[in-house]
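Please read the structure below before turning to the comments.
All of the numbers you see were taken from the coordinates with simple rules; none came from a lab. Just so it is clear, the structure is predicted and the values come from calculations on it, not from any experiment. Cβ atoms come from the backbone with ideal geometry, glycine included; neighbour counts cover every protein chain shown.
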Amino acid sequence: MLAGILFTTCLLLANILAIKIIQIGPFAAPAGVLIFPVAYILNDVIAEVWGFKKARLIIWAGFAMNLLMVLFFSLSIALPSAIFWTDQSTYAKILGSAPRIVFASITSYLVGSFLNAFIMSRMKILSKGKNFGFRAIISTMVGETADSLLFISLAFAGSFPFRSIIIMIATQALLKTVYEILILPFTALVVKWVKRKEDQDVFDNDISYNPFKVIEV
């Protein structure tokens, strides 16, 4: 439950932070890069300890909470402001993400998260549960690259120069992967501790990888 709450919180924060484009040395990237890698680390932990079925449930829960956030942001923007409150335009500009941004965020999140969980699950079976670090890095590289490629392309293509789009995709994917590698020793300790504490270490034998099969007996 705690892993699911943290995963969803990171997702919501990343989508709000992504509104700003930050400069990191010579590179530009959405500010969501500051926290979104943590969501992928948590995805790794959930898929590793509790398996693909639980990861799938948490991914869809995060999706639902993201839609809920967008709904209430839109509602709060649409309601009339108090007569003494003069920040409506700024509030709407920051929180009223265009439909294009919302679509890009949701699409890239679902594709990247499910790829990450699927690869973690399959590689765990193939490796018989060994080499967690290697599996975590590979799954994150694939998931984060797909996420960055889809989000930047869908959200900003046509708005920024093509070269800037490519640089942002590469920068975001690289930073997220480096983040995963740097924090990997801590992630491995968390996984080991959770497995022992929960007495869980699921291997996804004979399950459906259909991402839409949310409830599976």
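Of the residues that make up the stretch 28-42, is at least one over 14 Å from the mean Cα position of the chain (by Cα) and either under 30 Å from P161 (Cα atoms) or surrounded by 18 or more Cβ atoms within 10 Å (Cβ to Cβ) (or both)? Yes, because at least one residue in the stretch 28-42 is over 14 Å from the mean Cα position of the chain (by Cα) and either under 30 Å from P161 (Cα atoms) or surrounded by 18 or more Cβ atoms within 10 Å (Cβ to Cβ) (or both).
Looking at the stretch 67-92, which of the residues that are of a type in the set (S, T, N, Q) and under 26 Å from the mean Cα position of the chain (by Cα) is surrounded by the most Cβ atoms within 10 Å (Cβ to Cβ)? For the stretch 67-92, the residue satisfying everything is S74. When you look at F186, is it surrounded by fewer than 19 Cβ atoms within 10 Å (Cβ to Cβ), assigned to a helix (DSSP H, G or I) and either touching a Cys at 6+ places or on another chain (Cβ under 8 Å) or among the aromatic types (F, W, Y) (or both), yes or no? Against the criterion (surrounded by fewer than 19 Cβ atoms within 10 Å (Cβ to Cβ), assigned to a helix (DSSP H, G or I) and either touching a Cys at 6+ places or on another chain (Cβ under 8 Å) or among the aromatic types (F, W, Y) (or both)), F186 qualifies. The set of residues in the stretch 93-128 being more than 24 Å from the chain's Cα centre (by Cα) and either in a helix (DSSP H, G or I) or touching a residue at least 12 places away in the same chain (Cβ under 8 Å) (or both) consists of L126 alone. Every test in (1) part of a helix (DSSP H, G or I); (2) in contact (Cβ under 8 Å) with a residue 40 or more places away in the chain; (3) surrounded by fewer than 18 Cβ atoms within 10 Å (Cβ to Cβ) is passed by A64 save one, and that test is (2).
Within the stretch 1-30, residues that are touching a residue at least 60 places away in the same chain (Cβ under 8 Å) have Cβ atoms under 6 Å from residues that are of a type in the set (S, T, Y) and part of a helix (DSSP H, G or I) in these pairs: N15/S105; F27/T171; A29/T171, counting only partners at least 6 apart in sequence or on another chain.
The residues on offer are V111, V49, V45, and the sole one that is surrounded by fewer than 19 Cβ atoms within 10 Å (Cβ to Cβ), in contact with a helix residue (DSSP H, G or I) (Cβ under 8 Å, 6 or more places away or on another chain) and among the β-branched types (V, I, T) is V111.
Residue by residue through the stretch 153-170, note down the ones that are surrounded by 14 or more Cβ atoms within 10 Å (Cβ to Cβ) and assigned to a strand (DSSP E or B). Of everything in the stretch 153-170, just one residue is surrounded by 14 or more Cβ atoms within 10 Å (Cβ to Cβ) and assigned to a strand (DSSP E or B), namely F160.
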